[in-house]
Structure formats: C-alpha cells, structure tokens
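Below: one structure, written as structure tokens.
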Amino acid sequence: MSAPDGPGVTTTASSTEFFESIGTKAGQLAPSTNGANGAAPSADDDDGRVVEQIESLCMNCHENGMTRMLLTSIPYFREVILMSFHCDECNFTNSEIQSAGEIQPKGASYLLRLTEMVDFERTVVKSDTAVVKFIELDLEVPAGRGQLTNVEGLLSTVLDDLDLGQEARKIQTPEVYEKLTPIIARGRAMLAGEAFPFRLSVDDTAGNSWISPNMRDGIGKWEKREYIRTPEQNEALGLAATDPNGAVTVADEDIIPDQVYEFPATCPGCMHACTTRMTMVDIPHFKAVVLMSTACSDCGYKSNDVKTGGEIPELGQRITLKVESAEDLARDILKSETCALECPELDLQVNPGTLGGRFTTVEGLLTQIRDDLRSQIFETGSGGGDSLATGERDTWTRFFDGLDVAIKGEKPFTIILADPLASSYVQKAVDPDQVDPQMTVEDYTRTDEEEEELGLKDMKTEGYEEEHAKQMAEAAAKSKQEEA
C-alpha cells in the first residue's frame, strides 16, 4: 500500500505498521473510553481505530450484526487476525483467529508435556487447519475453527462441548454416553491438576499453529518438529502437488525422512488384507531408523515396531542411565528388538525380543512394560488374577506399585540397555559432544551365546565365493561318478 507524499514521491507501509503487538495496540487506547473501539475517535476518523468494525450478516437470524477485527502480531510467532462477531438482534456471538501470513513451506507439529498447573497458562494458537490431540485422553479435535487461547481454555472448551449433549446421549445412544463419561471425568481431573503428567499435541499441515515455549523448559517438555507435507496434504490446502506425475513411491524415489509410505500386508491375526505404514526418522547424533505400524480393520489387530539398519558392529554396547527427575523420564529412548533391559531397583528384567523395537520416552517404555505385564498377570481371565496364590499375588502387587512410583518420578532408578548390535539409544541431557554425568556408554565383546542367537557364527562375509565354487565342483564330480 502506498500514499502520495509530494510530487513523484511515495512512501510504502510495511506489515509491521498494521500488525502491531497487542501491547502496542493497548497503548493506543485513551485512559477513559465509552466504547469498545478504543480512543473514541470521531466518526470519520477510521485511521484512529484500534479495532476495525464491519457491519455483516448474521448467519443465525439473517439480520445485520457487527464484526470486529484486530490486526496484531504474537511475539516469537507471526501476524494474526482476531475476529469477533456479535448480533444485537439474536445475541449470537462467535470469535476466531486466522493467520495473516502465507502457508508455511513445511507443516509443523508441537508437543507439550504438562507437569504442573502453571503449564495450563501456555498460549495456544490453533489455526483452522490444525489437529489437536490430548494423547492420554485418546481425544482428537479435528481441523476447524481457529482459536487463540491457552491450554486450560482449549481443554475446557473441548470438555464443555462433549458434556453438552451427554443427557441426550444417555437416552438415545447409551453406548456412546458410557464411552464419553470416563473421558470427560479424566479431562476434569486434568484441569484440576490431579492427572499430571499428560501431553498436548498440535499438528498443523499449514505450519501456522503454535504453543508458546518457556526458557526454563527441560528436555522433553516442549518440542517442535517440522515435516514435509504429502501430496494429499498439499491438495487439501489448495496447493499444487509436489510431484505432478503422482505421489512418490518407494520404487520411484529414495526413502524420504518423515514421509509416510503404505503397502499392502496380511494380518497375522485373521489373515485378511491390511495396510502397513512405514516412515524413516533420523534420530539426531545417532542413525536413521524405520518405524512400522500395522492395523487391521477386520479384527482390530495392531502392531508397532522399530527397525534399525547399517552394518553389524564388531562390539556390543551397554548404556546405563540414572533416572533421577521428571526430565529424565522425558528422555527419548530407542530400544531395539535385540536389546535387553534391566532396572535393578525395580526388580525388572526384559529379555531381547520381548517388546520388539520401541522408540518412545523412558516414561512411555516403562508404562508399556507395566501395562503389558499387568494384562498378562491380572487380566488373563481364568488363567490369572484370582487364581494366583496369595503370596505370589502380593509380590506382583508390590512390583507394580514400585513401577507406578517410578513412572510418576517419585523414585530414582537405573536403566541398563545391553544391545549386542549397538542399535539402541538414549537421549543426552547435555550437548552431544559433552559427557552426560547421569549416563555411561561402554562397548563390550559379545558372548558366544549372543553370537549364536544372532546367527553371526554361521555368517561368512569373506572368501565365500571360493568356498561356493569348491562345493559346486565337488557336486559336479560326484554327479559324474554316479553316471559312470
């Protein structure tokens, strides 16, 4: 936008002149005002308005209402437009937020781990293309109306919306009512600070959503990840596909990190056709790993696995981590399928291959071990639970109580990962080139038993061509003798 400033001279207005910070906008208000528009300028003084007002149609009663717009910028984020509508005829109100910037080159995914009440005050910008998830609630909010709120307001809005129709569901669809009741109850407990820790995820393919960070955030508290959109996501945003000839497949191109690939598979549970999804994730300062997930819509079978690649090292690796705080529980951990896990303080030992490959956090790994063991011990129907002897049942109860205390971060413990293929990983709490005082990494020589289990004793990588040629010659000579 430009305006004349003398003969042959123009001045250009930058975006910062229109999208000032909220604090600057508030400073433009007079000490005493009579209206919602700020400094009460004259009727013809549009330039003096802090909030723009536009008469617009009410979609509820089809009479005219008033839309107010505030152009502002959010610190450490970008420019946004706040909009509010009110109809004096029917008292209908609505508010939303829209990004004033362009669609970002990459999508963005944010993850916040809430551990205390002050975390509810984190600002959340949810654009109309963002998907919000409260992971522990198993609750997903699809893309829709944009919002500028905080974590408490976001969760409260979702729970209020769910609670709104519960009385009707109780009569019309009791099965839905029964499923939503514990979700709402647990959500209210989260708001009351009785269900820490839990995680909030905001995934926006347009890259225009945001969760405010804090300088005091430790490892695993706040995370941001950018990713390349798929052709389908670009199409949903109205963008041209990245590949005009069609979607990228594994056969056409090299595997792209963070890109999800799908291929047909057979469900091992019901033998029906299903889909396996695969993506490659590059773990910083470690190596690239392949995450695989299979889900069957016929029988409900699900499986997740992590595959590591690369050459087989000469030595195995043992990683020892001292878990002393909630930040340690949030460390990323990769346990390969060949890795054994041990926690001496918790009387816990997990043999190689028991859980398969897992890429999660320390808390997530312990939680999965606890849930799997508990279901096998106490929830196996006629084979477990009440059929256990009293002493054995008490032993298992004490074991699970100890795991629960450790998962809550109330008991220090040690995790030992022994991997003969050196394919496991634990995130450091310091810079990669520095020594983490709570973690030790040591190489060790594989035992004969480990070599045998991995099939390395029978593996020959040098001189196999000559041995194969010798075997073929002996077989040919023996054949000739039999013919003679």
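The values are calculated or read from the model by the stated rules, or taken from the named source; none is laboratory data. This structure is a prediction, so every number in the text was calculated from the model and none was measured. With ideal geometry, Cβ positions are generated from the backbone for all residues, glycine too; neighbour counts draw on all protein chains shown. These accessible areas exclude ligands, DNA and RNA; they are computed on the full protein's heavy atoms, side chains included. Shrake-Rupley method; radii C 1.70, N 1.55, O 1.52, S 1.80 Å.
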Problem set entry | Hits in region 290-337 - residues which are closer than 20 Å to LEU421 by Cα and charged (D, E, K, R) | ASP305, LYS307, GLU311, GLU314, ARG318, ASP332, LYS335, GLU337
Problem set entry | Elements of type helices (runs of 4 or more DSSP H) in region 104-201, at least 2 residues being within 24 Å of MET83 (Cα to Cα), open to solvent by 20 Å² or more (accessible area, probe 1.4 Å) and among the polar types (S, T, N, Q) | 151-164
Problem set entry | Residue in region 131-139 that is in contact with a Gly (Cβ under 9 Å, 6 or more places away or on another chain) and more than 19 Å from ASP204 (Cβ to Cβ) present | yes
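Residue under question is ASP88, and the condition is that it be modelled with pLDDT of 85 or more, farther than 20 Å from ALA189 by Cα and over 21 Å from the mean Cα position of the chain (by Cα); does it hold?
Numbers: modelled with pLDDT of 85 or more: yes; farther than 20 Å from ALA189 by Cα: yes; over 21 Å from the mean Cα position of the chain (by Cα): yes.
Taking the combined requirement at face value, the residue satisfies it.
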Exercise. Scanning region 264-279 for residues that are open to solvent by 40 Å² or more (accessible area, probe 1.4 Å) and modelled with pLDDT of 85 or more, which turns out farthest from SER424 (Cα to Cα)?
Worked result: PRO264
Exercise. Does GLY463 qualify as being under 40 Å from the mean Cα position of the chain (by Cα), closer than 30 Å to THR308 by Cβ, open to solvent by less than 100 Å² (accessible area, probe 1.4 Å) and at pLDDT below 80?
Worked result: no
Problem set entry | Residue that is modelled with the lowest pLDDT, among those in region 306-324 that are open to solvent by less than 40 Å² (accessible area, probe 1.4 Å) and in contact with a Gly (Cβ under 9 Å, 6 or more places away or on another chain) | VAL306
Exercise. Of all the residues that make up region 391-414, how many are modelled with pLDDT under 75 and either open to solvent by 60 Å² or more (accessible area, probe 1.4 Å) or of a type in the set (Val, Ile, Thr) (or both)?
Worked result: 1
Problem set entry | Residues located in region 292-305, provided they are open to solvent by 50 Å² or more (accessible area, probe 1.4 Å), assigned to a strand (DSSP E or B) and not charged (D, E, K, R) | MET292, ASN304
